[in-house]
Amino acid sequence: MTCPVCNDSAEIFDSMQTDRRKGLQGKWEYHACRNCGLISISPLPCLQDLGGYYSNNSISPAIKFASGRGARFPVLRKAFHFISGDVDPRDFIGATKGMRVLDYGCGCAGHLSDFHARGVRISGAEIAGSLVDACNANGLDVRKVDDMDRIPFEDCEFDMVYLMQVFEHLRDPIGFMRELNRILKPDGKVYIALPNNRSVWRKVFGKNWVSGWFAPFHLYHFDRETLSRMAREHGFEPTSCWTRTPESWFRLNLKAFFYPEENKLDGRRSWIDMSLVCFVIMLTLRIFELLVRERDCLVMKLEKQRR
């Protein structure tokens with residue numbers, strides 16, 4: 001297997017990964033590049049398979065678009081996310097009124113809806129048709145992604161694009177980097193959030209690091225070095241980077257550890273979900289992670305290189 005970042009050969013890293021979160025049948029290998037360390041899933045799902053995964057596991061179109069407490073009280077939202085570790089683009093991307101923004105992989109459109117209400121000229125892109133229809137019926141501009149190798153918007157259209165837990169799902173990350181470059185204005189910016197291949201928790205949980213592995217949905221596993229290298233080779237300059245661990249991710253990995261036979265962990269409720277336990281996990285993570293650099297979620301800001 002050839003690494004898509006550096007074209008070196010990749011060797012089998014793990015041959016026993018299964019879907020622990022949605023219950024899909026099958027086993028997948030992971031290959032680690034000998035040169036840059038990028039980890040890739042094998043076999044790589046085809047576009048038809050990916051469409052089936054997302055169509056069968058998307059959320060019902062009965063979505064609530066009304067502004068929640070997080071939109072009405074942004075200072076409290078940021079304070080809570082500081083403790084919980086949640087990575088919310090509203091907290092850090094700085095989209096202002098009139099700015100042209102794309103939420104790629106907008107899902108239930110919670111962030112998109114909030115930015116739209118604030119006067120940001122925001123659009124979304126989503127693979128699940130039911131979500132696209134629901135968003136458009138509620139006055140939001142969301143385009144259906146029919147070809148994952150192409151972003152369904154015109155050249156030089158956006159000031160900013162953000163992808164929250166999307167890039168690791170892409171079958172052709174290099175081709176997608178070119179697409180990002182195409183749709184961004186000359187001074188455009190990209191924010192990417194994705195699982196961190198170098199996370200300390202990957203080492204702790206091993207096979208139970210299901211927030212990161214998530215086979216067969218997560219196709220590639222990056223760290224700050226591999227993502228930076230890919231970005232620079234395709235027209236972007238990394239300008240900032242940070243990591244943190246959402247409490248919900250850590251809790252999911254704990255469930256995988258305590259319930260090794262469970263293969264639908266996303267829907268599993270247990271004592272780990274009790275409010276008091278969640279609060280203890282939040283505080284423990286924040287204190288412990290003062291001592292580590294590589295946490296579970298990697299966030300990187302890229303700026304389009306001027307020609």
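Residues are listed down the side, and each one gets a yes or a no for (1) part of a helix (DSSP H, G or I); (2) on the phi > 0 side of the Ramachandran plot; (3) touching a Leu at 6+ places or on another chain (Cβ under 9 Å); (4) modelled with pLDDT of 85 or more:
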| site | (1), (2), (3), (4) |
| --- | --- |
| Leu50 | yes, no, yes, no |
| Ser67 | no, no, no, no |
| Arg77 | yes, no, no, yes |
| Phe80 | yes, no, no, yes |
| Ile93 | no, no, no, yes |
| Gly98 | no, yes, no, yes |
| Asp103 | no, no, yes, yes |
| His111 | yes, no, no, yes |
| Ala125 | no, no, yes, yes |
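In the stretch 205-240, the residue that is surrounded by the most Cβ atoms within 10 Å (Cβ to Cβ) out of those that are under 15 Å from Gln165 (Cα atoms) and of a type in the set (A, V, I, L, M, F, W, C) is Trp213. In the stretch 283-303, what residues are open to solvent by less than 20 Å² (accessible area, probe 1.4 Å) and within 23 Å of Arg21 (Cβ to Cβ)? Correct list: Leu285, Asp296, Cys297, Leu298, Val299. Only one entry in Glu294, Glu225, Glu237, Glu261 is more than 19 Å from the chain's Cα centre (by Cα) and within 30 Å of Asp8 (Cβ to Cβ), namely Glu237. All conditions in (1) open to solvent by 10 Å² or more (accessible area, probe 1.4 Å); (2) in a strand (DSSP E or B) hold for Pro195, with the sole exception of (1). Pairs meeting the criteria (first residue in the stretch 84-113 and farther than 18 Å from Gly124 by Cβ, second residue surrounded by 19 or more Cβ atoms within 10 Å (Cβ to Cβ) and hydroxyl-bearing (Ser, Thr, Tyr), beta carbons under 8 Å, at least 6 apart or on different chains) are Gly85/Thr245; Phe92/Tyr191.
The values are calculated or read from the model by the stated rules, or taken from the named source; none is laboratory data. Note that the structure is predicted; figures quoted are calculated from it, not measured. Neighbour counts are summed over all protein chains in view; Cβ atoms, including those assigned to glycine, are modelled from backbone coordinates with ideal geometry. All accessible areas refer to the heavy atoms of the entire protein, side chains included, with ligands and DNA or RNA removed. Shrake-Rupley method; radii C 1.70, N 1.55, O 1.52, S 1.80 Å.
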